[in-house]
Each structure stands twice: as structure tokens, then as C-alpha cells.
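J.: Mind having a look at this structure? Questions to follow.
The values are calculated or read from the model by the stated rules, or taken from the named source; none is laboratory data. Keep in mind the model is a prediction, meaning the values are calculated, not measured. Cβ placement follows ideal geometry from the backbone for every residue including glycine, while neighbour counts extend to all protein chains displayed. Keep in mind that these areas ignore ligands, DNA and RNA; they rest on the heavy atoms of the full protein, side chains included. Shrake-Rupley method; radii C 1.70, N 1.55, O 1.52, S 1.80 Å.
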Amino acid sequence: MKTTSRKLFFISAMVLVLLLTACSGNNASSNPSTGGTAPDSTKKDLVEIKLGYQKGMPLLSLLKEKSNLAQRLEAEGFKISWNEFSATPAMLEAMVDGGIVFGGGGATGSIYAQQAGRSFVRIGAQTGVSGGSSIIVRGDSDIQSVKDLKGKKVVVSKGTTQHYMLVRALEKEGLSVNDIQLQFINPAEAFSAFGSKNFDAWAIWDPFTAEAEASFDARVIADNTSVFGDKAPLEGENLYYAERKFANEHPNAIKIILDELAIVGKWANENTDEAAKILANLYSSNADILKVVEERGGTREILPMSEATIEPLQNISDFFYEQGVIPEKLNASDENFNWFVK
């Protein structure tokens, strides 16, 4: 009996040693100091989502470079990548079948996208600038006010917020587009033509305004504030967009994006020098010019879509219809194209 007991004890001890060795081996492989990695069966693979940005919206570039957006969205199960676009219409066109799920740009771009039935919703508005969205003339021009534009060559990019601002500025002085020689030229071409004195005045936005001030001693004869008064911040608003399906299925992610935009906007307002340096490095541009752009960037408050933020867009779309820029009247408050916080 004793011999049998010893054999049983020996076998039990060997089994225990093997079990402890196996456990010890597993612990060693999961210890970072040994270089081993243990699979985490509880962690799901992150889903990549593509975000769009453009240089015309500095706050998006700052969001990309200086925010906690990536970390916060990772907690929601997403990893992000950034994709650059030259203009808002191209960005909204890419917002199909999840090509990109978020972006930002001029409000007018959404008018054309809505008429085309793009799969997007407006998710928030950023209060706009005043001094940067302007009608400018060269420093040596004899034009002193909007009233002096009668009979002059005036350039603007067709179907933009500045197109709308120009017409409203003329109306305040009892003039119309029929009283000026209106020409539609895109900003890149207009900049050099402005310096060559090929036209008299230019309705344009920052950073082109700031660059023209630095290069040609340009003067502002009207801006958003002088034209729209207290309503200027919303009349010159920029909008943020999301792919419709993504916004409906992931409202928390949308709220995080809007929250981070607000945080970065507040930081940029309080740190214009540092913001300008970051942007100058990104854009390979002049930091002094970008500091001017940042200083007159407005409050950059991020507002949810509401009657107050949609009304200016409706005004612009009605104007575009009257001017023949768009073929049909638009309901800017259509819930299919706006994401309202619930």
C-alpha cells in the first residue's frame, strides 16, 4: 500500500510541476520585458474612417495636428486617416458609400451637393470671419467705397459666399450687378490679375485677402461686418459635414468631432502666434500673413444645426436661384441634409 501511495504522490507532483511550468511559460510570453505579446481577445479591431480637410479651413488643419480626436475616436472603435481636398464640392462628392465620413468647407458647397442628392448631412456651423471676407482694392486705387464701384470691373468667384456678399453690399448703396462690370474668376487666377491691375476690385476671402494686403497694399472697402452687421458671423459661416449613414449610426462619434473642433477653436483664438506657425509649416506659407488670418478668424464657435444656422444658407440659396446660379429652389432645412442633435 505504501509503495502504491508513493507512486500516486509522485505522479500528482509531476502533474502539478507541468501545470505550473505551463502557466509560467504563458506569463513569460505576455511580459513586455521579454518581448512577447499575448493576444487580447476582448479588443476589437478598429474600423478605419476617412476624414477630409482643405487648406481653406485652417481649423481643420489644426484639428488634424493638435487635438485628441484620434484618441477619443479610438475609444469608440475607430482609427482615422486624413484626406486633403482642394474645394468643398469635391469633398462632398467623395462622401459616397463611406469614401470619407467627415469634412468641412464653405456653406455654399452644400447647396450644390444637396441639389445633386449627395449622401451627406450638415452637422455643425463655425461662426465666420469679418475682416477676411472682403471687397478689396489696390492701395493706389481711387476707389474709396462700394458706391465708387459703379462702372468698375469687379471680380468674384461665382457661386461663393463672397458673390452673395458683393451683391448685398451693392444693394446697400442702391446699386446692382448691372451697375458694375462683373467678372467671374477663380481666386488663384484673380490674385495675379489683381496685381497686374486687370480689374478694379475683388470680393475674396482669407488667406487671399491677407496675401493681397501684404503684396499689393490692398485696402478693404467692405467686409462681412459692414455688409451684414450683427448677423455677419453666421452670414459668413463655414459648415461641417458627415456622411449621412455614418452620422445616423454613430452619433457619439459626431459629437466627439464637434467637441474637439470647439476645443481647438478656443485654443487657436488664445494662441494665434503658435497656430500661425503650425499652419505656416503645413502650408509652406508666410507665418506673418497667417497670423493676420488667425487674428481675424472670428470666435470660431461651433454651433449645432438649427434655424439660426440654416437661415443664412437659405438666404444664399434663394439668392443663387434668383441669379440663375442654381436651377431650382432649395429647402436648406430639409432634415435629410441636416443632422440635428437630439
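J.: Is it the case that some residue within segment 193-207 is open to solvent by less than 30 Å² (accessible area, probe 1.4 Å) and assigned to a loop (DSSP other than H, G, I, E, B)?
T.: yes
J.: Give me the residue from segment 171-192 that is charged (D, E, K, R) and assigned to a helix (DSSP H, G or I) and, out of that set, surrounded by the most Cβ atoms within 10 Å (Cβ to Cβ).
T.: Restricting to residues being charged (D, E, K, R) and assigned to a helix (DSSP H, G or I), the top hit is Asp179.
J.: Does segment 319-329 contain any residue that is out of contact with any strand residue (DSSP E or B) (no Cβ under 8 Å at 6 or more places or on another chain), over 29 Å from Asn68 (Cβ atoms), open to solvent by 10 Å² or more (accessible area, probe 1.4 Å) and basic (Lys, Arg)?
T.: Looking for residues that are out of contact with any strand residue (DSSP E or B) (no Cβ under 8 Å at 6 or more places or on another chain), over 29 Å from Asn68 (Cβ atoms), open to solvent by 10 Å² or more (accessible area, probe 1.4 Å) and basic (Lys, Arg), one finds at least one in segment 319-329, hence yes.
J.: For segment 208-241, which residues satisfy the criterion of being acidic (Asp, Glu), assigned to a helix (DSSP H, G or I) and surrounded by fewer than 22 Cβ atoms within 10 Å (Cβ to Cβ)?
T.: If the condition is that a residue be acidic (Asp, Glu), assigned to a helix (DSSP H, G or I) and surrounded by fewer than 22 Cβ atoms within 10 Å (Cβ to Cβ), then Glu211, Glu213, Asp230 are the ones that fit.
J.: Between a first residue in segment 265-278 that is farther than 11 Å from Lys66 by Cβ and a second residue that is β-branched (Val, Ile, Thr), which pairs have beta carbons less than 7 Å apart while being 6 or more apart in sequence or on different chains?
T.: Hits for this filter: Gly265/Ile302; Asn269/Thr299.
J.: Have a look at Arg138, Arg118, Arg122, Arg168 and point out the one that is of a type in the set (Lys, Arg) and open to solvent by less than 20 Å² (accessible area, probe 1.4 Å). Show your work before the answer.
T.: On the way: Arg138 fails: open to solvent by less than 20 Å² (accessible area, probe 1.4 Å); Arg118 fails: open to solvent by less than 20 Å² (accessible area, probe 1.4 Å); Arg168 fails: open to solvent by less than 20 Å² (accessible area, probe 1.4 Å).
Of Arg138, Arg118, Arg122, Arg168, the one residue that is of a type in the set (Lys, Arg) and open to solvent by less than 20 Å² (accessible area, probe 1.4 Å) is Arg122.
J.: Next question, about the same structure. Suppose we filter Gly124, Gly159, Gly106, Gly131 for residues that are in contact with a helix residue (DSSP H, G or I) (Cβ under 7 Å, 6 or more places away or on another chain) and more than 24 Å from Glu328 (Cβ to Cβ); which single one remains?
T.: Gly124
J.: Just to verify a result, which residue in segment 142-165, among those that are among the small types (Gly, Ala, Ser) and modelled with pLDDT under 95, is most open to solvent (accessible area, probe 1.4 Å)?
T.: Ser157
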